[in-house]
1. Among the listed pairs B:Lys42/B:Lys150; A:Lys184/B:Lys33; B:Lys205/B:Lys305; B:Lys19/B:Lys271; A:Lys173/B:Lys19, which have their C-alpha atoms separated by more than 32 angstrom in this model?
2. For the charge dipole of region B:151-305, defined by +1 on Lys and Arg C-beta atoms and -1 on Asp and Glu C-beta atoms about the Cα centroid, which residue among B:Ser233, B:Phe151, B:Val249 has the Cα displaced farthest towards the positive pole?
3. Name the residue farthest towards the positive end of the dipole of the protein assembly as shown from the options A:Phe75, B:Val51, B:Ser12, assuming +1 on Cβ of Lys and Arg, -1 on Cβ of Asp and Glu, about the Cα centre.
4. Considering only B:Pro234, B:Pro181, B:Pro245, give the residue with the highest GNM mean-square fluctuation for chain B, with springs between Cα atoms whenever their separation is below 10 Å.
5. Residue by residue, what Karplus-based ³J(HN,Hα) values in Hz, rounded to whole numbers, does region B:106-114 have, using 6.51, -1.76 and 1.60 with θ = phi - 60° and x for Gly and Pro?
6. Take the Cβ-Cβ distance between B:His124 and B:Glu275 as r, set R0 to 60 Å, and report the resulting FRET efficiency rounded to the nearest 0.05.
7. So how strong a dipole does region B:30-119 carry about its Cα centre when Lys and Arg Cβ are +1 and Asp and Glu Cβ are -1, to the nearest 20 debye?
8. Just to be sure I follow: if Rg is taken over the C-alpha atoms of region A:71-177 and Rh is the Kirkwood radius over the same atoms, what is Rg/Rh?
Amino acid sequence: MIVAEQKPLEEIKAMIAPYQRILVVGCGTCVTVCFAGGEKEVAILASSLRMASRIDGNPKQIDEAVVQRQCEWEFLDTIKDQVGSYDAILGLGCGVGTQAIAEHFPGVIALPGLNTSFMGLTVEAGVWAERCAACGSCILDKTGGICPIARCSKSLLNGPCGGSSGGKCEISKEVDCAWDMIVKRMKERGQLEKLLEINPPKDWSTARDGGPRRISREDLMLAREGELP
Amino acid sequence: MSDGSNGWKSGSTLERVLKGGSFVITAELGPPKNADAEVIRKKARFLKGYVEGANITDNQTAIVRMSSVAAGCIALSEGVEPIIQMTCRDRNRLAMQADLLGAYALGIRNVLCLSGDHQKFGNHPTAKNVYDVDSLQLVQIVKGLRDDKKFACGEEIKGVEPRFFVGAAENPFADPFEWRPLRLAKKARAGADFIQTQLVYNVEKFKTFMTMVRDLGLDRQLYILPGVGPLKSPGMTRYMKNEVPGLDVPDAILERMQKTPKEKWREEGIKICVEIIQQMREIPGVAGVHIMAIEWEEAVPEIVKQAGLYPRPQPPAQAPAG
């Protein structure tokens, strides 16, 4: 899932300062699962902002809504009749969600209430960790199911570097060395010799380096237009 | 070879002395955090005549310093052969190859390919890192420029190709220990001509590493130069022992520094370094040592002399047959 966390309250307060009527819009998908922008977080943030605006002597109208999936037009349509009556929308979805709101409702000011952090999973209650960097060219088959692009601090393809110590990365004792894990897993599988192959320089053109990415599938486009038999 | 290289890969002094079979000495020359050429010249004068090559660090520990190519060029003008370090942290494959072409055009003949310390440790921790390629892939690229006359993309170099003696690093004390010799094998296969290691204080553990290296036949595929370095004080020794990941300093060495009176710290540090060099000379497969006297370049001549390694051998003019 996409993992996000709420921006500091002070930053949000400064962002919404110029506006009087604000709709806080949560998202019922990834950010609900990671407790950053679901119904509960929307309620808590909206009430904190209401309280703060009263304390500051300028009570704002701050309302709440949750869209099941902010990244799909159909779901955003569920708030289309509401958005017009607000000065700004404070999105508690990921960066995709906030941009979808801005794109779907061009007349509306959409503000980000979250920092979108990474694609990852819940390691344990209250702890999330990155797992995928969306490089567009998966190599998990070569690395024992552990991604060095996302999980090695240097995205090395032929690690580990000299900073690997006791299974930890040189950047922090809190960070596992991805290549230490890869070597150990391949050894357990009896496939260590696979790591002796030199991984050549990566083609980053499928990653963000190739420019903004887009996938077009004609089969689906045609189907939607009813042109298939 | 049919490429006009007279049988040498690069023709550098480092390459020629190594191929000639003499015990090689390299040292480290850290560029300044300013634009003062005189700093390089002064350090180079300490090293001149005592080493076959001086590693010019590349934004070491992710701190901005004078570029290794520029500083290397200044060292060269002082008669010290540079081994320019190049990290994968700060440049993509375009910038790396551009700098390699420039470095060669300026007379530089040795390059050491490194991953580079993470920028988190340096003075620009908010920087974006590059890591377009890793150190092993950089070795492949530098070798490809020389032996295949091709850029990383496969395009042919029309005209003069850069012919570097290609180095890489290895840390025999980093984890996983059993993987280190195998990674060295990968570096040999990628095309590394020589290896310089992280500082070695635990000679016994290094011997174990070298046994694994020899079992893989790697000592016959590349020249191995373990890193050695003089300790300045018990404080520095303790710091290196406890705080630097991947450094292994035995208790006995720390105790020895602690027992030494303050006015003799540096003398004792040099003595320990010389003893380690003597032990290294006895280990089969060790082709020389790399002396890392960080911000203490003037210690190098003393170490070389005390180790009985001065004067330095003349590099052979002709490449050995075959």
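Readers should treat all values here as calculations from the given coordinates under stated rules, not as data from a laboratory. Just so it is clear, the structure is predicted and the values come from calculations on it, not from any experiment. Neighbour counts run over all protein chains shown; Cβ positions are idealised from the backbone, glycine included.
1. Flagged as over cut-off: B:Lys42/B:Lys150; A:Lys184/B:Lys33; A:Lys173/B:Lys19.
2. Selected residue: B:Val249.
3. B:Val51
4. B:Pro245
5. Couplings: 8, x, 7, 10, 10, 9, 10, 9, 10 Hz.
6. In this case the efficiency is close to 0.95.
7. I would put it at about 80 debye.
8. Ratio of gyration radius to Kirkwood radius: 1.15.
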